[in-house]
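Report on one structure; see the data block that follows.
The values are calculated or read from the model by the stated rules, or taken from the named source; none is laboratory data. Computed from a predicted structure; not experimentally measured. Cβ: placed from backbone, ideal geometry, glycine included. Neighbour counts: every protein chain shown.
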Amino acid sequence: MISIRIPLAKPAFDEREVKAVQRVLASGWVVQGPEVEAFENALAAMHKVRHCIAVSSGTAALHICYLTLGIGPGDAVFISSFAWPSAANMAMVVGARPVFVDVLPDTYNMDPNDLRLRIQECIDQGWGAPRAVVPVHEFGLAAEMDSVVQIAKEYDMEVIEDAACALGATYHDKHVGTIGKIGVLSFHPRKAITTGEGGAIITGNDKLAEMCRIWRNHGQTVIGGKRDFLLPGLNYRMTEIQAAIGSTQLKKFPEILRKRQQIADHYLDNLADCPGMSLPANKPEHTWQTFMVYLDEGINRGKVVAELASRGIGAGPGSISAHCLKIYQGRFGYTNSDLPVSWELHEQGLALPLYESLSFTDQQQVIDNLLKILGCKC
């Protein structure tokens, strides 16, 4: 049995998270209480928005956003293909049609030119009324939001920012997730900070925030001092345990971010001149949730992953491209080559270990072994 000594990802936990959980257990209040409120307030302050609604996952956050904005049957939602398929899946759940948009080969983010082409194609083919665009800030780097927002405005569409991978990232000095009407965050274990599972919605719109809270908590609200139910709502509440861990992680976030940048810089410096791969765009705003290289055509990623694993090193696909998945090919007729950049990243993207406690020695082992496997003489 292969033993992975250097994993792909690892949460930055220590005794502070243990104490936070003990505090919650001692209190006896374990769901949607003061810990959740404190975590929401800290996230809202960080993003300089009025409202943060903590929920059970980033996927739950996307679902609530669609419901709150009234997106449903007859609507089309434009989504980056190269991204975890949560945004597309939730569009399907509410009855809307996901229309996939190709990405740029260096940033892995939505290609604004392709967005415009896909909107026109949707209109010409009668796939549905263009209602929303969901730019994904992939791996911690902001999408080209000026262009995306402008195109959305031309077609009277909402902008829902999927900032699940991009806590702390900025675009023109503005936090991602606050540029569109509403944004979502995720605290999955592979994110820079984690609550185990968990997510959040951020917005400056009072009405949207109120509706998000109602959808989150069974559709209930208080009218005239009495509890009532306005919607067939959901149970997407965050636990006090998750929120206590999240608040602790958030205090450590500046140091986590600094370490991730340091690790990314070392990868970029040591892999820059080696054939067989392309490196991600290096921009000051990048927060490096994942470090993914792009292997040249002809290199078998599966063999590279297996060879790294045999040497105790975890690696894997950076992400997936939804238009390459059976559900979307079967339902909407997509083929792999329809979005060529997303397809190539789907097949050839290789994520390397990146986490706050990754030592310099271990990272150098990752680099040295990868270069040996690829036959690089650098």
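Restricting to the stretch 122-133, count the residues that are farther than 19 Å from Gly183 by Cα and in contact (Cβ under 8 Å) with a residue 12 or more places away in the chain. Write out each step before concluding.
Taking the stretch 122-133 and keeping what is farther than 19 Å from Gly183 by Cα, we get 122-129.
Then keep just the ones that are in contact (Cβ under 8 Å) with a residue 12 or more places away in the chain; that gives 122, 127-129.
Going through the stretch 122-133 one residue at a time, the tally reaches 4.
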- Item | Filter result for the condition that a residue is among the β-branched types (Val, Ile, Thr) and either within 30 Å of Asp362 (Cβ to Cβ) or assigned to a loop (DSSP other than H, G, I, E, B) (or both), over Ile256, Ile214, Ile241 | Ile256
- Of the residues that sit in the stretch 123-156 and are charged (D, E, K, R) and not in a loop (DSSP other than H, G, I, E, B), which one is farthest from Lys174 (Cα to Cα)? Asp124
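From the list Ala20, Ala44, Ala9, which one is under 30 Å from Gly314 (Cβ atoms), within 26 Å of the chain's Cα centre (by Cα), buried (at least 16 other Cβ atoms within 10 Å of the Cβ) and in the same structural domain as Cys212 (by TED's automatic domain parsing)? Explain how you work it out, then say what you get.
Working: Ala44 fails: under 30 Å from Gly314 (Cβ atoms); Ala9 fails: in the same structural domain as Cys212 (by TED's automatic domain parsing).
Being under 30 Å from Gly314 (Cβ atoms), within 26 Å of the chain's Cα centre (by Cα), buried (at least 16 other Cβ atoms within 10 Å of the Cβ) and in the same structural domain as Cys212 (by TED's automatic domain parsing) holds for just one of Ala20, Ala44, Ala9, which is Ala20.
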- Out of the residues in the stretch 259-287 that are of a type in the set (A, V, I, L, M) and part of a helix (DSSP H, G or I), state the one that is nearest to Gly140 (Cα to Cα). Ala264
- Task: Can you confirm whether the stretch 261-274 contains a residue that is within 18 Å of Leu354 (Cα to Cα), aliphatic (A, V, I, L, M), surrounded by 15 or more Cβ atoms within 10 Å (Cβ to Cβ) and touching a His at 6+ places or on another chain (Cβ under 9 Å)?
- Result: yes
- Task: Out of the residues in the stretch 268-294 that are of a type in the set (Asp, Glu) and over 16 Å from Ala169 (Cα atoms), state the one that is modelled with the highest pLDDT.
- Result: Asp269
- Quick one: in the stretch 18-55, of everything that is touching an Asp or Glu at 6+ places or on another chain (Cβ under 9 Å) and of a type in the set (Lys, Arg), which residue is farthest from Tyr171 (Cα to Cα)? Arg23
- Is at least one residue of the stretch 72-80 hydroxyl-bearing (Ser, Thr, Tyr), under 19 Å from the mean Cα position of the chain (by Cα) and surrounded by 24 or more Cβ atoms within 10 Å (Cβ to Cβ)? yes
